[in-house]
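Notes for the one structure printed next.
The values are calculated or read from the model by the stated rules, or taken from the named source; none is laboratory data. Treat the numbers as computed from the prediction; the structure is a model and nothing was measured. Cβ coordinates were reconstructed from backbone atoms using ideal geometry, including for glycine residues, and neighbour counts include every protein chain displayed. In case anyone asks, the SASA skips ligands and DNA or RNA and just uses the protein heavy atoms, side chains included. Shrake-Rupley method; radii C 1.70, N 1.55, O 1.52, S 1.80 Å.
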Amino acid sequence: MAVREELKTDQDLVLLVRRYQPSADLELLHRAFEFADRAHRGQFRESGVPYIQHPLAVAMILAELEMDLPTVVAALLHDVVEDTGVKLEDLRRHFDPEIALLVDGVTKLSQLESKSRVEQQAENLRKMFLAMAQDIRVILIKLADRLHNMRTLAFRPREKQKVTAQETLDIFAPLAHRLGISRIQWELEDLALRYLEPEAYRELVDLIPQKRQEREEYTKSFIDRLYKELARTGIKADIQGRAKHFYSIYRKLQGPPPRDISEIYDLIAIRVIVDTIKDCYAALGVVHSLWR
Ligand code: MN
């Protein structure tokens, strides 16, 4: 479980950003990296790697989601005010006000989080998060931050793992869901399950691969068929499908007994993305005519 983190460089981030933003200001990206690297010098993650690996990983998560450049840059800088001697004014001097504002937002959320952890109900905390972050990109950085902390949770003490995993399930996964960032939501939930219910998680991991191939084939044929039908009606669409994640299967298994895994094998999710609202309703019509 305790796989060592692979060390990344700012070049890895640059490659990711260039893929969807060929004309991005790479000099700015590089400058932000150097700034954060200098600020965090001498600090280490609990895994033993230099601290800069964390903001770099957070920035890469956001670049994978094809977020705009200020978000990625702010992600590189997201811990410098909180964890180093750098002041907000320093950031304002070196970077655009937009970037300083994003970092400030993330810092304030972190403070709110640690202050109110005990007394706040999860629902209140989620609301406060949304209300406080006037810029939704602040929440996105916070979610990517949490995701990387969850990915590296194996290096933390056992008690911390449980607390962090529970909080992830109560606050961060629902936030990701509300914002429609399913990829982050699924991964957060699966990682949380792994630490909260290690046995159930392992059982699912063992159980599900047996049918994964079948599910993937089914998903593929489903998508092919829908593509053909949509093309016939002249709708241009992007269709994505996936086998559902462990946590959603786990939740279904918690339902009223007796339920066995084969019953729950409607476990694929399909997403159809079209250009206009009109196409959206037309696509929905096609889906309904194919599957009741
Ligand atoms: Mn962080």
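Quick look at the numbers
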| item | result |
| --- | --- |
| Hey, Leu101 more than 24 Å from Glu167 (Cβ to Cβ), away from the ligand (no atom under 16 Å from the Cβ) and either of a type in the set (Ser, Thr, Tyr) or in contact with a helix residue (DSSP H, G or I) (Cβ under 8 Å, 6 or more places away or on another chain) (or both) or not | no |
| Search result, residues across the stretch 14-58 that are open to solvent by less than 30 Å² (accessible area, probe 1.4 Å), within 14 Å of the ligand (Cβ to nearest atom) and free of Cβ contacts under 8 Å to residues at least 24 places away in the same chain | Ile52 |
| Any hit, the stretch 201-211, residues being surrounded by fewer than 17 Cβ atoms within 10 Å (Cβ to Cβ), basic (Lys, Arg) and over 18 Å from the mean Cα position of the chain (by Cα) | yes |
| In the stretch 148-197, the residues that are within 16 Å of the ligand (Cβ to nearest atom), of a type in the set (D, E, K, R), touching a residue at least 12 places away in the same chain (Cβ under 8 Å) and farther than 23 Å from Val138 by Cβ | Arg156 |
| The stretch 60-90 - residue that is more than 12 Å from the ligand (Cβ to nearest atom) and of a type in the set (D, E, K, R) and, of those, least open to solvent (accessible area, probe 1.4 Å) | Asp90 |
| Meets criteria (more than 25 Å from Leu76 (Cβ to Cβ) and at pLDDT below 95) for Glu167 | no |
| Complete set of residues in the stretch 168-188 that are open to solvent by 20 Å² or more (accessible area, probe 1.4 Å) and closer than 17 Å to Arg126 by Cβ | Leu169, Asp170, Pro174, His177, Arg178, Leu179, Gly180, Ile181, Gln185 |
| Odd one out for Val272, checked against (1) modelled with pLDDT of 85 or more; (2) surrounded by fewer than 17 Cβ atoms within 10 Å (Cβ to Cβ); (3) part of a strand (DSSP E or B) | (2) |
| Residue, surrounded by the most Cβ atoms within 10 Å (Cβ to Cβ), within the stretch 92-103, restricted to residues that are more than 26 Å from the chain's Cα centre (by Cα) and free of Cβ contacts under 8 Å to residues at least 60 places away in the same chain | Arg92 |
